[in-house]
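Right, one structure below, let's go through it.
Only the coordinates and a few stated rules stand behind these numbers; no lab work does. Being a predicted model, the structure only gives us computed values, none of them experimental. Positions of Cβ are backbone-derived with ideal geometry, glycine not excepted, and every protein chain shown enters the neighbour counts.
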Amino acid sequence: MEGLAGLNDIASVVEADRAHVWHHLSQHKQYETVDPRVIVEGKGMRVWDAKGKEHLDAVSGGVWTVNVGYGRESIADAVRDQLVRMNYFAGAAGSIPGSIFAKRLIEKMPGLSRVYYSNSGSEANEKVYKMVRQISHRHHGGKKWKILYRERDYHGTTIAALASGGQKQRNAQYGPFPDGFVEVPHCLEYRKQWDVENYGERAADAIEEVILREGPDTIGCLVLEPVTAGGGVIVPPEGYWQRVQEICRKYDILLHIDEVVCGVGRTGTWFGYQHYGVQPDFVTMAKGVASGYAAISCTVTTEAVFNMFKDDASDPMSYFRDISTFGGCTAGPAAALENMNIIEREGLLANTVAMGDYALDSLSALMDKHKAIGEVRGKGLFLGAELVADRDTREPADEKKVQAVVADCMAQGVIIGATNRSVPGFNNTLCLSPALIATKDDIDQITGAIGAALGRVFG
Ligand code: PMP
């Protein structure tokens, strides 16, 4: 295989991995009998593993990240040039790529004006929680301190981010968690909680019910994913977002939209919220910002929020007393800038819309033959197929069968994902998030593999 030529001792790489690397989200007992997966090369939509096997990656690096695809030399060049010029200085100072990327980003986000850099989606979200708590202390006598989050949403892996996570089984064994995080119901109509016509508005009204129960004066912010990712690829029903915005305004609650997955093109617009005509107070983003070529996350907010942290310069407690060391790395914004250039130069938003529609149609077509698909959902190149044991009762498919479909696709050389394992009730949705460069041939290969796998697993 091309590219493995220089690595003549790949077996020792795999052995070193088996001996010393603790993989994320993995039960390591399995590696006593099978080799750990080591990915050694990528180009476009494809990656090669240590055994030389080629895979079509339908999940952009496993977790919705490599939006512009693998092997982008122009990003590598931009990062290299920046690193030899100036690699790092703490974020109390600015940098050339940090300044230019912030300007370019803000041009795409009307109504927002300030970018705070850190390294991961979890951190970007934690920054918001800290800002909200500080605003509460300084402007609301410490009373507006609670943060609402939604069942099934996910906002990260750190303890406070987990406290705001709506997949409670993920949190088991990591508590106790900090106080002040309050859950609102999810809005997935396929898993109906209310038997009404205008489901979107009803699901949003459920948020208002929680606000009234908790006391509107105690709530500082509401955090939502625009389209829920790991909790089931949930595209909110019509009317939902408009009503959510009204409710936030009515009770003076800051709206925080977590674009860690949807941000930077995934759904066919720069940001997922831009489909719904809402105006957030905070937007967080990470994965697709630099497509995994460097670690970067952004917490973006309004001038009004920003001004609350500089209104009294004589008060030493007034400014945002926060730092992330590596928020000062210049590789992140340098990579992000070229990532954005690529999306513009190659028209990848338009491709995402076109290929997203094509993929949704192709998945829907599979439903005729495969009764195991209960519903397909998606926005742009962010798609899900919920698998069921029975289409009429909508009983979720057994997790083992869902994983068998994923494994069968893998054996066919196509990497797909599924919603969270070990989270009963949420673990039955196949996930697709190919790079925004996907072609019809790529989509055909992906849906073809899924169809074949469903046939073998469900009959
Ligand atoms: N928010 C959402 C919606 C996510 O899907 C994730 C990661 N899967 C995060 C936040 C956390 O991002 P990170 O892993 O970079 O901390």
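Exposed loop sites here are GluC sites (Glu not before Pro) in DSSP loop states with at most 14 other C-beta atoms within 10 Å. What is the longest stretch of the chain lacking them?
3-196
Please report, in whole Å, how far the alpha carbons of segment 268-325 spread along each principal axis, starting with the longest.
Sorted largest first, the three principal extents are 45, 32, 9 Å.
Positive end of the charge dipole of segment 79-153 (Lys, Arg +1 and Asp, Glu -1 on Cβ, about the Cα centre): tell me which of F101, Y116, Q82 has its Cα farthest that way.
Y116
Principal axis extents for the chain, Cα atoms only, whole Å, descending order, please.
64, 61, 43
Any chance you could check the Cα centroid distance between segment 221-242 and segment 244-267 for me, in angstrom?
9
Please find the FRET efficiency linking R391 to Q169, where r is the Cβ-Cβ separation and R0 is fixed at 25 Å, and quote it to the nearest 0.05.
Details: r = 26 Å, r/R0 = 1.02.
Once rounded, the FRET efficiency stands at 0.45.
Neighbour counts of other C-beta atoms within 10 Å: give me L381, L366, L454 arranged from fewest to most. It would help to have the intermediate numbers written out before the result.
Values: L381 31, L366 18, L454 24.
If I rank by nearby Cβ atoms, fewest first, I get L366, L454, L381.
Among S74, S136, S291, rank each residue by its count of other Cβ atoms within 10 Å, from fewest to most, as a rough exposure measure.
Least crowded to most crowded, the residues run S74, S136, S291.
Given the -39500 (n - 2.57) contribution per DSSP H run of 4+ residues, what per-residue ellipticity at 222 nm results for the chain, rounded to the nearest 500 deg cm²/dmol?
Numbers: 13 runs with 165 residues, N = 459.
Per the formula, -11500 deg cm²/dmol.
With equal scatterers on the alpha carbons only and no solvent term, can you work out the Debye log10 of I(q)/I(0) for segment 328-404 at 0.13, 0.19, 0.21, 0.22 1/Å?
-0.59, -0.82, -0.90, -0.95
Determine the principal axes of the Cα atoms in segment 74-345, then give the extent along each, sorted from largest to smallest and rounded to whole angstroms.
If we take the Cα atoms of segment 74-345, the spans are 59, 46, 39 Å.
Among M109, M317, M410, what is the fewest-to-most ranking by other Cβ atoms within 10 Å?
Starting with the residue having the fewest Cβ neighbours, the order is M317, M410, M109.
Please list the helices of the chain that count as membrane-span-like by this rule: a mean Kyte-Doolittle hydropathy of at least -0.5 together with Cα atoms stretching 20 Å or more along the helix axis, each helix being a complete DSSP H run.
199-214, 331-345, 348-369, 440-458
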